Amino acid sequence: MSHTTPMTRIYVFKRYERFWHWSQAVLVILMLVTGFEIHGSYHNLGFERAVRLHTLSAWTLLALWAFTIFWQFTTGEWRQYIPTASKLVAMARYYMFGIFVGAPHPYHKTALKKHNPLQRLAYLVLLALVSPIIWGSGLLYLFYAYWGGLGLDRWLSLEQVATVHTAGAFMMLVFVIAHVYLTTTGHTVFAHIKAMITGWDEVEEDLRATPEKTH
Amino acid sequence: MRHRAIHALFALAVLMAGTAGASGKASTADHSKFEALAGPFDSGPAVTRACLKCHTEASHQIMQTRHWTWDYANPATGQRLGKKTMVNAFCIGDQSNEPFCQSCHIGYGWKDKHFDFSDANKVDCLACHNTGEYTKPFGFAGNPVTVRSEYPPGSGKFVEPIDLAKIAQAVGPTRRDNCGACHYNGGGGDGVKHGDLDSSLNTATHELDVHMDKDGLNFSCSDCHVSDQHAVAGSRIAMTAADPHPALLRGEKSERNPAACQACHGDKPHKENLLAAERLNAHTDTLACQTCHIPAFARGGVSTKMAWDWSQAGQLSAEGKPFQKKDEHGHVIYDSKKGAFVHGQNVTPAYQWFDGRVTYTLQDDTIDPTTRVPINVFHGAPGAPDARIWPVKVFHGRQPYDTERKTLLVPNVAVPGDTSFWYNFDWPKALAAGADATGAPFSGKYDFVDTQMLWPITHMVAPKEKAVACHECHADGGRLAGIEGVYIPGRDRSPWLDRLGWLAALAALLGVSLHAIARILTHLRKED
């Protein structure tokens, strides 16, 4: 939050990436809302509509992911998610202490390295742990009618699958809460959100000239 | 040319409309032209003799069936069942009351245990094949009345005779009102017993029953309860609770029950959006079709009895006369002859697992009078592959039992005479006479015990738009609230996971809130 450093704009989030992010955000929130209604936590749309919307959102998100995986590989953007230990502790320390005293952000965003090490770790956990839990259990749940034909009913019960799915949903809920809050920790409260909408972020100029080496 | 085509179409439409009502098929015989049926007939057996001249095997065929014997050995349980000896929670039992109850026997003259079950002429063809105006009044042991008769004797009330020749000349395939004459009126009146069978089905709307809809499919009972050699498919004491098979093809050789929904619809009948991944069809592994498709019974404007308390019977007016009390809808809620009643319309069924096996508490079975005695039990383990969750009518009775022998008792009620409860209101005499007729010992000591009787709900299939909605079961306290053996999303969840999950979400919210507050406070301090 140093006001003295001159700022410059860089193009961080490409058009497809922004489309992916926001449609995924809408779908995830929709699935949380409908999912917890199916779970019986509250009554809002009605069970049947909640199920229909939840299922439709799931299929839509699957389709979105099919495109996104393609996009990640063709653009090489998948490298943005390779985790790094470098500055991980510094990032944690920043969120715990530095942020309150106006210490400089320990990580400097570039178009090639748009995620800080904590972000990378969080997204990795999301991709490698939470997603498989949700999608594995969710698809089993969705295709319950086919369990008998596949012989799965000998190994699985709907209760187990539903319980795992719910556990995944709670993890996603915690992620969404933290994720939404952390969007406010840019150089201004709405800077990150603005970047995700327009694609352009403001970074400190001098550091852009000497991109930092992580490895 | 065009005119001719229009005329042909019109003729076809008239033909179709004319044949719709009964079974949809016109006969190749006009029975009014048969010499054998010219009459006059002075008795039922005289008509049967005429029928058997052409339909040579008909009596022998039907004499093999329960419609004739009222007797049945359940192969699944070994129990000796059948209306002849079974005890129910309504009018309790047949024995000692035959002259009255046998109005609903498809025979003539079964007035006591000496009835000749081998006499082919005693088969009542008209009971099932008349097309109107045929009656078998109470008290005549299943005989139609051909001579003006006083009943009860000495009462000054007369039963008018009917013209059997006219009725015989108009016979046809079974119609709803034929079956309904008995199956609607079990328990002593329209809709009393079953709850899903009453006279409203004779002129059913689409709303009441999609198959019997008078302006639509207009099914007769026999369209589903297909008969072969007079043996009619379908039974409430040996039911097809699950039939996990595709629909039968016409002509397909099969031992399956043609009256089961799946015989026509198959067990995966829902056509769903591909994305729904057969969600509704997956339900058929746990639910009977009826569970969703019959949201309530007694929907046709005829009420059904939900409870019957015999212990209150016998109260007399100040003049010593029996009386009736009615509720605001005109339903009898008290009758000195029978006791007190509870009626129901548009009743939401109860639900339970059921694999088709039914056992009954019979007259010689020992009961436990300290609890509600089950007159029948529908078996089926929760979640068992051969069981489904079924809708049932739960009927509550309160009826006489032998306090020493701990057995249910059959009273003599309906036949005019000294021992008959409806005529002298004397329980000890009525119970002794009933016990005598059933051959069961009676200690002479009696009281009344709470009983329960279950009825499967399987008729009055609603239009699909009116099927039970998802949320009626997928919710806390829904229709399937007490049903075990199945995980129902919306009803079932892991409480510890919920606690942990919401705690984690709350902790996250609290964490970011505190973080935000700390940021704001430190920011303000710097501004200062």
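A short reminder: the numbers here are calculations on the coordinates, not readings from a lab. What you are looking at is a predicted structure, and each value in this text was computed from that prediction instead of being measured. Heads up, the Cβs are rebuilt from the backbone with ideal geometry, glycines too, and the neighbour counts pull from every protein chain shown.
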(request) State the answer as a single residue: which of B:233, B:64, A:10 lies farthest towards the positive end of the charge dipole of the protein assembly as shown, with beta carbon charges of +1 for Lys and Arg and -1 for Asp and Glu, about the Cα centre. (result) A:10
(request) Would you mind ranking B:176, B:491 by Cβ crowding within 10 Å, fewest neighbours first? (result) B:491, B:176
(request) Starting with the fewest neighbours, write out A:37, B:472 ranked by other beta-carbon atoms found within 10 Å of each beta-carbon. (result) B:472, A:37
(message) Sort B:255, B:150 by Cβ crowding within 10 Å, fewest neighbours at the top.
(response) B:255, B:150
(request) Let me have the 222 nm mean residue ellipticity of the protein assembly as shown computed from DSSP H runs of 4+ only, each contributing -39500 (n - 2.57), with the sum over all residues rounded to the nearest 500. (result) -10000 deg cm²/dmol
(request) Take the alpha carbon atoms of region A:28-101, find their center, do the same for region B:449-528, and report the distance between the two centers in whole angstrom. (result) 22 Å
(request) Just grab the label-to-label distance for residue B:502 and residue B:525, each label 7 Å out from Cα along the Cβ direction, in nm (one decimal). (result) 3.6 nm
(request) Would you mind checking which residues have amide H under 5 Å from residue B:306's amide H? H placed 1.01 Å from N; only 5 or more apart, or other chain. (result) B:342, B:343, B:344
(request) Of the listed pairs B:193/B:337; B:83/B:338; B:111/B:305; B:136/B:166, which have alpha-carbon separations greater than 24 Å here? (result) B:111/B:305
(request) Using only atoms on other chains, find how many Cβ atoms lie within 10 Å of each Cβ of peptide A:180-190 and report the average. (result) 2
(request) May I ask for the angle, rounded to the nearest 10°, between helix B:44-54 and the longest principal axis of chain B, with both axes built from Cα atoms and the value confined to 0 to 90°? (result) 80 degrees
(message) Over region A:7-209, what portion of Cα pair distances is larger than 24 Å, expressed as a whole percent?
(response) 49 percent
(message) If you fit an axis through the alpha-carbon atoms of helix B:495-527 and take the longest principal axis of the Cα set of chain B, what angle between them do you get, 0 to 90°, nearest 10?
(response) 30 degrees
(message) Using the basic label-point model (7 angstrom from Cα toward the beta carbon), what is the residue B:238 to residue B:264 distance in nanometres?
(response) 2.4 nm
(request) With springs connecting C-alpha atoms under 10 Å apart, model chain A as a Gaussian network and identify which of A:90, A:111, A:145 has the largest mean-square fluctuation. (result) A:145
(request) Just check region B:214-285 against the gyration tensor rule for me: Cα atoms, a ≥ b ≥ c as the square roots of the eigenvalues, rounded for a/c under 1.5, and otherwise prolate or oblate depending on whether a/b exceeds b/c. (result) prolate
(message) Quick check: net charge around residue B:478, other residues with Cβ under 12 Å of its Cβ, Lys/Arg +1 and Asp/Glu -1?
(response) -1
(request) May I ask you to derive the FRET efficiency for residue A:157 and residue A:24 from their Cβ-Cβ distance with R0 = 30 Å, giving the value to the nearest 0.05? (result) 0.45
(message) With the cut-off at 20 Å, tell me which of the pairs B:393/B:445; B:53/B:84; A:14/A:194 have Cα atoms farther apart than that.
(response) B:393/B:445; B:53/B:84
(message) Explain nothing, just compute: Karplus ³J(HN,Hα) = 6.51 cos²θ - 1.76 cosθ + 1.60, θ = phi - 60°, for every residue of region A:137-142 in order, whole Hz, x for Gly and Pro.
(response) 5, x, 5, 4, 4, 4
(message) With θ taken as phi - 60° and the coefficients 6.51, -1.76 and 1.60, list the Karplus ³J(HN,Hα) couplings across region A:115-122 in order, rounded to whole Hz; mark glycine and proline as x.
(response) 10, 6, x, 5, 4, 4, 5, 4
(request) Please label the shape of chain B as rounded, prolate or oblate, based on the square roots a ≥ b ≥ c of the eigenvalues of the alpha-carbon gyration tensor (a/c under 1.5 means rounded; beyond that, a/b larger than b/c means prolate, else oblate). (result) oblate
(request) Per residue of region B:373-385, in order, report the coupling 6.51 cos²θ - 1.76 cosθ + 1.60 (Karplus, θ = phi - 60°) as ³J(HN,Hα) in whole Hz, putting x for Gly and Pro. (result) 7, x, 5, 9, 10, 8, 8, x, 7, x, x, 5, x
(request) Determine the shielding of peptide B:130-142 by partner chains: average, over its residues, the number of Cβ atoms on other chains within 10 angstrom of each Cβ. (result) 0
(request) Kindly work out what percent of the DSSP beta bridges joining two residues of the protein assembly as shown are antiparallel, to the nearest 5. (result) 85 percent
(message) Under 14 Å from a point placed 7 Å out from the Cα of residue B:364 along the Cα-to-Cβ direction: which residues of region B:72-92 have their backbone N that close?
(response) B:79-81, B:85-86
(request) Compare the peptides B:390-397, A:150-157 by average per-residue count of other Cβ atoms within 10 angstrom and give them in order, highest first. (result) B:390-397, A:150-157
(message) Straight-line reach only, C-alpha to C-alpha below 29 angstrom: list the lysines that residue B:271 could link to, leaving out same-chain residues fewer than 8 apart.
(response) B:214, B:253, B:464, B:466
(request) For residue B:107, list long-range residues whose amide hydrogen, built 1.01 Å from N in the peptide plane, is under 5 Å from its own amide hydrogen. (result) B:124
(request) Mind listing the long-range amide H neighbours of residue B:81? Cut-off is under 5 Å, sequence gap 5 or more, other chains count too, H placed in the peptide plane at 1.01 Å from N. (result) B:72, B:73, B:74
(message) Using a 10 Å cut-off around each Cβ of peptide B:489-502, what is the average number of partner chain Cβ atoms that fall inside?
(response) 5
